[in-house]
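Taking it in order: structure first as structure tokens, then the write-up.
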């Protein structure tokens with residue numbers, strides 16, 4: 001028996017009950033049968049271990065863009081039983097396997113190679129499955145629209161991955177994608193802008209706050225310093241200090257200020273190496289934050305308390 005948040009059309013009651021045996025939904029207050037002959041979408045068998053589950057399941061894995069055939073293709077297995085066949089049947093079996101692995105259209109051939117590269121880069125960057133799926137979808141749309149012509153497959157893969165990271169708010173920089181894919185970051189940026197414009201993908205600007213947890217973890221900072229950096233960034237956003245500036249630079253500067261305030265000092269060189277920016281960038285952003293948010297007094301007070 002299960003309850004559904006739904007109103008009875010007769011008395012307006014939400015005291016409803018589902019009778020799975022009869023396939024009916026009934027109002028307990030007035031007795032009206034709201035729905036009948038309902039379809040049960042549950043499985044009709046029982047299973048007690050993984051082996052029984054595998055044997056009785058009649059469906060495969062869900063559709064996915066990370067495979068060139070969306071995961072709908074079947075595969076002729078390579079079991080040891082084939083060697084018990086006579087040579088003629090065995091040769092026929094191997095020919096079937098060979099022909100099955102041959103891809104027919106140019107788009108499918110391109111996808112087969114590109115999605116393997118996409119998985120490699122995604123694994124290197126430790127991206128979640130949702131980002132990988134979104135990147136594969138973007139790349140598939142780009143291939144179908146003919147946007148890959150004249151561009152290297154690797155640069156379009158990197159551009160699709162960067163677009164997926166931005167859409168899912170997973171902080172990865174162009175420098176990281178360049179290192180993982182071996183493509184110049186300017187080329188990745190150009191390809192990213194081209195495919196998002198042509199496919200009509202709307203992407204909001206990166207939020208510097210998204211980078212704070214990663215940088216804090218790399219610098220081994222405590223939670224208090226991380227929280228202080230987020231507070232500084234929120235003040236900077238209200239003061240419109242973040243617009244027109246690189247999100248990694250302003251995030252690194254806010255984290256540097258937070259380390260000074262909480263007496264968990266890190267050098268500008270250490271923060272710059274983790275953020276992938278120059279010391280000059282951190283210094284400039286740092287001066288802006290101190291000047292515009294009046295943080296000098298807070299740092300001085302903290303230092304006096306410590307001393």
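The values are calculated or read from the model by the stated rules, or taken from the named source; none is laboratory data. Since the structure is predicted, the reported quantities are computational estimates derived from the model, not experimental observations. Positions of Cβ are backbone-derived with ideal geometry, glycine not excepted, and every protein chain shown enters the neighbour counts.
Yes or no, residue by residue, for (1) within 13 Å of the chain's Cα centre (by Cα); (2) within 23 Å of residue 198 (Cα to Cα); (3) not assigned by TED's automatic domain parsing to the domain that holds residue 170:
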{"site": "94", "(1), (2), (3)": "no, no, yes"}
{"site": "115", "(1), (2), (3)": "no, yes, no"}
{"site": "122", "(1), (2), (3)": "yes, no, no"}
{"site": "127", "(1), (2), (3)": "yes, no, no"}
{"site": "136", "(1), (2), (3)": "yes, yes, no"}
{"site": "140", "(1), (2), (3)": "no, yes, no"}
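Find all pairs meeting these conditions: Cβ atoms under 7 angstrom apart; at least six residues apart or on different chains; first residue within segment 195-214 and buried (at least 19 other Cβ atoms within 10 Å of the Cβ); second residue outside any helix (DSSP H, G or I).
Sorted first by the residue in segment 195-214, then by its partner, the pairs are 195/147; 196/203; 208/242; 211/171.
With the requirement that a residue be in a helix (DSSP H, G or I), touching a residue at least 60 places away in the same chain (Cβ under 8 Å) and either more than 18 Å from residue 231 (Cβ to Cβ) or outside the structural domain of residue 255 (by TED's automatic domain parsing) (or both), what does segment 275-302 give you?
Restricting attention to segment 275-302, the residues satisfying the condition of being in a helix (DSSP H, G or I) are 275, 279-293, 296-302.
Retained after the next criterion (residues that are touching a residue at least 60 places away in the same chain (Cβ under 8 Å)): 275, 293.
Within segment 275-302, just 275 meets the criteria.
Only one residue in 221, 233 is more than 30 Å from residue 143 (Cα to Cα), at pLDDT below 90, surrounded by 15 or more Cβ atoms within 10 Å (Cβ to Cβ) and out of contact with any strand residue (DSSP E or B) (no Cβ under 7 Å at 6 or more places or on another chain). Which one?
Values: 233 fails: at pLDDT below 90.
Just one listed residue meets the conditions, 221.
Between residues in segment 48-75 that are closer than 19 Å to residue 119 by Cβ and outside the structural domain of residue 128 (by TED's automatic domain parsing) and residues that are modelled with pLDDT under 75 and not in a loop (DSSP other than H, G, I, E, B), which pairs lie under 9 Å by C-beta distance while being six or more apart or on different chains?
So the pair list comes out as 73/100; 75/100.
Would you confirm whether or not segment 80-87 contains a residue that is part of a loop (DSSP other than H, G, I, E, B) and either assigned by TED's automatic domain parsing to the domain that holds residue 133 or modelled with pLDDT of 80 or more (or both)? Walk me through it before giving the result.
First, pick out the residues of segment 80-87 that are part of a loop (DSSP other than H, G, I, E, B): 85-86.
Filter once more, so that each one left must be either assigned by TED's automatic domain parsing to the domain that holds residue 133 or modelled with pLDDT of 80 or more (or both): none.
Taking every residue of segment 80-87 in turn, none turns out to be part of a loop (DSSP other than H, G, I, E, B) and either assigned by TED's automatic domain parsing to the domain that holds residue 133 or modelled with pLDDT of 80 or more (or both).
Would it be correct to say that residue 183 is in contact with a helix residue (DSSP H, G or I) (Cβ under 8 Å, 6 or more places away or on another chain), in a loop (DSSP other than H, G, I, E, B) and in contact (Cβ under 8 Å) with a residue 24 or more places away in the chain?
Details: in contact with a helix residue (DSSP H, G or I) (Cβ under 8 Å, 6 or more places away or on another chain): yes; in a loop (DSSP other than H, G, I, E, B): yes; in contact (Cβ under 8 Å) with a residue 24 or more places away in the chain: yes.
In short, yes.
Can you pull out the residues in segment 140-152 that are in contact (Cβ under 8 Å) with a residue 40 or more places away in the chain and outside any loop (DSSP other than H, G, I, E, B)?
If we filter segment 140-152 for residues that are in contact (Cβ under 8 Å) with a residue 40 or more places away in the chain, which is where we start, we get 140-142, 145, 147, 151.
Passing the criteria: 140, 141, 142.
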